[in-house]
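The values are calculated or read from the model by the stated rules, or taken from the named source; none is laboratory data. All values derive from a computational prediction rather than experimental measurement. Here the Cβ is made from the backbone with ideal geometry for all residues, glycine too, and neighbour counts use every protein chain on show. All accessible areas refer to the heavy atoms of the entire protein, side chains included, with ligands and DNA or RNA removed. Shrake-Rupley method; radii C 1.70, N 1.55, O 1.52, S 1.80 Å.
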Amino acid sequence: MQKDFNIHINKNLSILKEGKLLIAISGGIDSVALAHLCQNSNLSFSLAHCNFNLRAEESNKDEAFVEELAEDLDVEVFIQNFDTEAYATEHKRSIQMAARELRYDWFKELAEQLKFDYILTAHHADDNLETFLINFTRGTGLNGLTGIPMINDNIVRPLLPFSRSQIEDYVKENQISWREDASNASRKYLRNKLRHEVVPILKEINPQLLDSFQNTIHNLNDTAFIVEDRLKAFAERAIVSQDSFGTTYKVSEFKNTSHPKAYLFEIFKNYGFTEWNDIVDLLDAQSGKLIKSNSHRLIKHREYIILTDLNDSEQSEESLFINEDIKDIETPIGKLSFTNVEGLFDVSKNTIFVDKDVLKFPLEFRLWKEGDTFLPIGMTGKKKVSKYLKDEKASLVEKENTWVLTSDNKVIWLIGKRADDRFKVTKVTKSILKVSVK
């Protein structure tokens with residue numbers, strides 16, 4: 001296996017030969033084999049071990065084993081202890097998910113602080129098959145069937161082409177010791193059920209299962225590249241705008257495809273949505289109709305669909321009060337500036353000029369609310385802010401993010417939209433205040 005590993009590194013992962021590497025090591029057979037293979041390939045690496053404190057004394061024995069291994073290999077080792085159960089409870093995660101988050105967050109931190117180029121994990125061909133089957137049984141799109149990537153940002157998996165049996169033969173032939181995790185034999189977790197009950201049957205049916213699976217993965221990845229190119233071209237046509245409030249898509253572009261549901265799924269699948277028939281219905285829904293996931297919203301607005309973070313709809317109700325001596329103040333939409341000037345210049349949607357003597361301080365910066373009215377410059381009579389936004393065909397997202405500047409509860413400015421006539425500069429104005437946001 002060492003010879004095949006060297007060939008694999010030279011052919012597919014030559015980036016590792018000059019890199020500073022960090023091997024994620026549990027003490028189990030896979031990661032221990034990876035460490036020995038890397039040393040025999042003259043790669044430069046350190047070890048990183050997570051003690052999740054989930055197996056009482058066994059966890060401590062794993063830690064001690066890894067320390068001894070690092071000494072035998074004459075490499076640096078980093079060890080971190082975690083209270084995994086407390087983290088899982090606090091963040092409402094399963095133990096497995098909690099351990100994964102803790103592990104990868106720490107690896108990332110180590111890599112950034114100590115300038116490691118790549119983090120190596122010991123996933124192999126059998127792991128890849130099991131991940132495929134897990135995704136398949138839970139329901140997934142094409143990406144869930146393309147397997148574990150060999151390179152994902154700075155995470156590299158050098159053992160993916162090799163099977164579990166190859167790794168077992170390697171450590172036995174070289175009399176390499178490792179730690180056995182008793183939980184690997186448990187049928188409690190789905191992965192273990194597949195490993196011990198399903199995969200053996202599949203290998204009995206097809207002794208060349210892993211080879212067949214590798215060919216299938218290659219074919220699916222080739223198809224995924226084609227799909228990715230098609231989706232990129234579609235997004236360039238469909239996206240109207242992207243800003244801090246969300247991404248706006250043309251409904252017509254989805255309708256013009258032969259399979260709108262497929263495009264909706266591929267474009268929005270990473271945002272937690274599950275009710276895909278409802279999302280298809282959104283294409284013909286009335287303005288204002290929305291669908292939520294745990295993290296995002298899809299909103300129908302006229303001929304558009306707007307994707308926003310769910311948190312964007314939960315703006316703070318807290319007001320900011322601005323005294324006369326304040327020149328600048330940070331707000332959720334940027335820096336609000338107040339400047340005494342001699343004349344009017346650079347008028348824009350983000351800048352207004354008002355008669356300072358008409359103002360009553362402190363001014364208030366807040367979200368608009370029902371019942372707000374103002375006298376829009378250039379129009380006659382009062383108008384409700386809600387009616388103004390409706391007439392301007394503002395989307396739900398725009399309405400949620402419309403802020404006002406007020407004086408004595410009177411609207412001075414619908415910020416970025418329209419100023420109030422009562423505060424405008426006139427021929428008798430003696431003191432002009434420039435108000436801008438950027």
### Summary
Residues of the range 125-153 being assigned to a loop (DSSP other than H, G, I, E, B) and either open to solvent by less than 50 Å² (accessible area, probe 1.4 Å) or not polar (S, T, N, Q) (or both), in sequence order, are Gly139, Gly141, Thr146, Gly147, Ile148, Pro149, Met150, Asp153
### Query
How about the range 361-438: which strands (runs of 3 or more DSSP E) wholly inside it have at least 3 residues that are more than 36 Å from the chain's Cα centre (by Cα) and not aromatic (Phe, Trp, Tyr)?
410-414, 432-437
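Can you tell me how many residues in the range 221-247 are in a helix (DSSP H, G or I), touching a residue at least 40 places away in the same chain (Cβ under 8 Å) and open to solvent by 40 Å² or more (accessible area, probe 1.4 Å)? Don't jump to the end; show me each part of the working.
Step one: of the range 221-247, the residues in a helix (DSSP H, G or I) are 221-238.
From the residues that got through so far, the ones that are touching a residue at least 40 places away in the same chain (Cβ under 8 Å) too are 221, 223-224, 227.
Cutting the leftovers down to open to solvent by 40 Å² or more (accessible area, probe 1.4 Å) gives us 221, 223, 227.
Residues that pass the stated criteria total 3.
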### Query
When residues of the range 351-383 are filtered for being farther than 17 Å from Leu320 by Cβ and surrounded by 15 or more Cβ atoms within 10 Å (Cβ to Cβ), how many remain?
12
### Message
I'd like the residue in the range 385-406 that is in contact (Cβ under 8 Å) with a residue 60 or more places away in the chain and either of a type in the set (Gly, Ala, Ser) or closer than 22 Å to Lys438 by Cβ (or both) and, out of all such residues, is most open to solvent (accessible area, probe 1.4 Å).
### Response
Glu398
### Query
Which members of the range 1-44 meet the condition of being open to solvent by 10 Å² or more (accessible area, probe 1.4 Å), of a type in the set (A, V, I, L, M, F, W, C), within 29 Å of the chain's Cα centre (by Cα) and within 24 Å of Gln80 (Cα to Cα)?
Ala24
### Task
Looking only at the range 293-310, count how many residues are surrounded by fewer than 17 Cβ atoms within 10 Å (Cβ to Cβ) and either of a type outside the set (Asp, Glu) or over 14 Å from the mean Cα position of the chain (by Cα) (or both).
6
### Options Phe107, Phe65, Phe52, Phe82; residue that is open to solvent by 20 Å² or more (accessible area, probe 1.4 Å) and touching a strand residue (DSSP E or B) at 6+ places or on another chain (Cβ under 8 Å)
Phe82
